[in-house]
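Trainee: Sharing a structure below in structure tokens format, with a few things to ask.
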Amino acid sequence: QVQLVESGGGLVQAGGSLRLSCAASGRIFNFNAMGWYRQAPGKMRELVATITSRGSTMYADSAKGRFTISRDSANITVHLQMNSLKPEDRAVYYCAAGRRLARDYRVYNSWGQGTQVTVSS
């Protein structure tokens, strides 16, 4: 079992930045990929970005060029630096851990509680 705790959400104006962090504990050796998904009201959960322990990454098209995912050397904490935020980025952002890099959220079997990101126009 892996526990994931997110931090860093909040309210920001359009064009601003936020940095999300996710700290993992427990049986982290079972998991190779950690990432961020988001879910807006009335919409499906979607990939934002994900990264493996070796640094391979995958981004949603909407995140490319604006968001950067990184992972510390101990592979315990993953960060999501979000720049040039837009109102459409508003969502609950969830940290996830899984055995492999994938876009499909069903591959990830450990989830955090989520952190709200709100972008005002």
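Trainee: When MET34 is evaluated against the numbered criteria (1) farther than 14 Å from ALA74 by Cβ; (2) open to solvent by less than 30 Å² (accessible area, probe 1.4 Å), which criterion, by number, is the only one it fails?
Mentor: All conditions pass for MET34, except number (1).
Trainee: Is it the case, given these coordinates, that ARG100 is open to solvent by 10 Å² or more (accessible area, probe 1.4 Å) and part of a helix (DSSP H, G or I)?
Mentor: No; evaluated as a whole, the condition is false for this residue.
Trainee: Also, I was wondering about something else. Scan the range 68-89 for residues that are at positive phi and open to solvent by 50 Å² or more (accessible area, probe 1.4 Å) and jot them down.
Mentor: SER84
Trainee: Exactly one condition in (1) in contact with a Leu (Cβ under 9 Å, 6 or more places away or on another chain); (2) more than 19 Å from GLY112 (Cα to Cα) is false for ASP61; which is it?
Mentor: (1)
Trainee: If you don't mind, there's one more thing I want to ask. Would you please name the residue that is least open to solvent (accessible area, probe 1.4 Å), looking only at residues in the range 1-22 that are at pLDDT below 95 and more than 15 Å from the chain's Cα centre (by Cα)?
Mentor: Of everything passing the filter in the range 1-22, VAL2 is least open to solvent (accessible area, probe 1.4 Å).
Trainee: Still on this structure: Got at least one residue in the range 65-72 being among the charged types (D, E, K, R), in a strand (DSSP E or B) and closer than 16 Å to GLY114 by Cβ?
Mentor: For the range 65-72, residues among the charged types (D, E, K, R), in a strand (DSSP E or B) and closer than 16 Å to GLY114 by Cβ: absent.
Residues are listed down the side, and each one gets a yes or a no for (1) touching a helix residue (DSSP H, G or I) at 6+ places or on another chain (Cβ under 7 Å); (2) at pLDDT below 95:
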position	(1), (2)
ARG27	no, yes
TYR37	yes, no
GLU46	no, no
THR52	no, yes
LEU101	no, yes
ASP104	no, yes
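Trainee: Consider the range 103-121. How many of its residues are assigned to a loop (DSSP other than H, G, I, E, B) and on the phi < 0 side of the Ramachandran plot?
Mentor: 5
The values are calculated or read from the model by the stated rules, or taken from the named source; none is laboratory data. Computed from a predicted structure; not experimentally measured. Note: ideal-geometry Cβ built from the backbone for every residue, glycine included; neighbour counts use all protein chains shown. Please note that ligands, DNA and RNA were not included when accessible areas were found on the heavy atoms of the full protein model with its side chains. Shrake-Rupley method; radii C 1.70, N 1.55, O 1.52, S 1.80 Å.
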